[in-house]
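The structure appears below as structure tokens.
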Amino acid sequence: MGSEEHTRAFCRSFVETHRPFRPEDIIWPELDAEGLLRLSALPIWNEAVRTEAETALKVQTLGRVEPDPLLAEEIALQGYEEGRHAEILRLLTAQYGIVVDPFDAPRPPRNPVWEFVSTGYGECIDSFFAFGLFAIGRRSEYFPAPLIDVFEPIMQEEARHILFVVNWVAYLRSRAAWVARPFFDARRLWTLGAQLLEHARNALRIGGGNGGSQEGFTMTSAYAFEDLSPRSFLELCLAENERRLSLYDPRLLRPRLVPAAARFALRFIPNSSSGNGKAAAPAGPPPPPPADRSTAWPT
Ligand SMILES: [Fe+2]
Ligand SMILES: [Fe+2]
């Protein structure tokens with residue numbers, strides 16, 4: 001890890017799997033009244049629009065200050081993709097008349113490197129659950145397939161982003177002097193712990209009925225689908241995580257913590273304690289997510 005070969009491999013993987021398209025070329029499907037209602041009722045839009053704008057700025061800033069030209073190019077490409085996510089959301093909300101609250105322009109990160117690590121670790125947590133939710137969304141036909149298709153490349157881009165960040169962190173660690181590595185590891189653990197704590201806090205707050213916030217994203221959104229068995233949902237997340245990341249160079253590191261935690265949790269969730277197993281084969285559209293619960297939007 002961190003060798004010239006490893007660095008080239010994860011950079012090459014990232015650039016070769018970049019999918020060029022322009023948000024303005026997206027053909028937005030017509031939605032009937034029920035589809036419009038379902039879409040606008042998702043309690044994610046304020047948070048999603050704000051988060052994408054913040055993430056784009058963080059990643060683009062790092063791309064400008066990264067001294068290694070190859071890495072700078074790949075990080076700038078990721079910043080471009082995050083900016084594209086923000087633009088797609090802007091177009092979507094305009095297309096379907098979804099009102100988004102105004103928000104302050106994001107501020108450039110004070111420490112681009114560690115804010116990128118923090119954001120990347122947050123993406124590792126969010127994406128794991130988002131992959132499962134997205135699969136449910138497609139199977140259940142809760143939204144029309146053409147609309148789901150618009151978001152498929154974005155979901156896959158998140159898989160590329162989390163793959164990039166874990167390999168980049170390994171690269172950074174390998175470049176640190178050996179005396180500095182304990183400090184690097186401590187900071188990395190602190191950053192990861194802060195993200196886990198923030199996600200857990202949001203999950204507890206929303207789970208405890210103090211919703212209304214659009215924060216928390218994917219960890220809490222599993223229960224937006226009332227019929228979902230926790231076991232089936234975790235199994236689906238694991239399968240989708242594996243499927244999406246299997247497309248890339250097998251020599252590269254994968255995010256491990258959240259999948260390992262999910263596998264560990266599954267040891268304590270008996271089959272009988274789960275719901276009706278609809279995650280494995282949804283029989284029909286799930287009910288609309290309650291307004292005080294978050295749903296998936298990885299950054
Ligand atoms: Fe991302
Ligand atoms: Fe994004």
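The values are calculated or read from the model by the stated rules, or taken from the named source; none is laboratory data. All figures in this text were calculated on a predicted structure; none of them were measured in a lab. Using ideal geometry, Cβ is built from the backbone for each residue, glycine included, and neighbour counts are taken over all protein chains shown. For the accessible areas, the whole protein counts, side chains as well, though only heavy atoms, and no ligand, DNA or RNA atoms are used. Shrake-Rupley method; radii C 1.70, N 1.55, O 1.52, S 1.80 Å.
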By residue number, the members of region 2-25 that are in a loop (DSSP other than H, G, I, E, B) and touching a Leu at 6+ places or on another chain (Cβ under 7 Å) are 18
- Query: Is one or more of the residues making up region 102-109 in contact with a Cys (Cβ under 7 Å, 6 or more places away or on another chain) and more than 16 Å from ligand 2 (Cβ to nearest atom)?
  - Reply: no
So, first residue basic (Lys, Arg) in region 180-197, second residue open to solvent by 100 Å² or more (accessible area, probe 1.4 Å), Cβ within less than 6 Å, six or more apart or across chains; the pairs are none
Looking across region 92-135 at residues that are within 19 Å of the chain's Cα centre (by Cα) and of a type in the set (Ser, Thr, Tyr), the single one that is farthest from residue 240 (Cα to Cα) is 118
Flag for residue 61 being among the β-branched types (Val, Ile, Thr), within 13 Å of ligand 2 (Cβ to nearest atom) and either farther than 19 Å from residue 149 by Cβ or open to solvent by 20 Å² or more (accessible area, probe 1.4 Å) (or both):
no
Scanning region 172-201 for residues that are open to solvent by 20 Å² or more (accessible area, probe 1.4 Å) and under 19 Å from residue 254 (Cα atoms) gives 172, 173, 174, 185, 188, 189, 192, 193, 195, 196
*If you check residue 122 against the conditions, is it small (Gly, Ala, Ser), within 13 Å of ligand 2 (Cβ to nearest atom), open to solvent by less than 10 Å² (accessible area, probe 1.4 Å) and in contact (Cβ under 8 Å) with a residue 60 or more places away in the chain?*
yes
Contact list, first residue from region 250-273 and open to solvent by less than 100 Å² (accessible area, probe 1.4 Å), second anywhere and among the β-branched types (Val, Ile, Thr), beta-carbon distance below 6 Å, six or more apart or interchain, is 253/166; 255/162; 255/166; 258/125
Of (1) at pLDDT 90 or above; (2) crowded, with 20+ Cβ neighbours inside 10 Å, residue 26 fails just (2)
Going through (1) crowded, with 17+ Cβ neighbours inside 10 Å; (2) away from ligand 2 (no atom under 16 Å from the Cβ); (3) under 20 Å from residue 157 (Cα atoms) one by one, residue 89 fails only at (2)
Residue under question is residue 55, and the condition is that it be part of a helix (DSSP H, G or I), within 14 Å of residue 164 (Cβ to Cβ) and at pLDDT 90 or above; does it hold?
yes
Screening 137, 79, 97 for residues that are more than 11 Å from ligand 2 (Cβ to nearest atom), open to solvent by less than 20 Å² (accessible area, probe 1.4 Å) and of a type in the set (Gly, Ala, Ser) leaves only 137
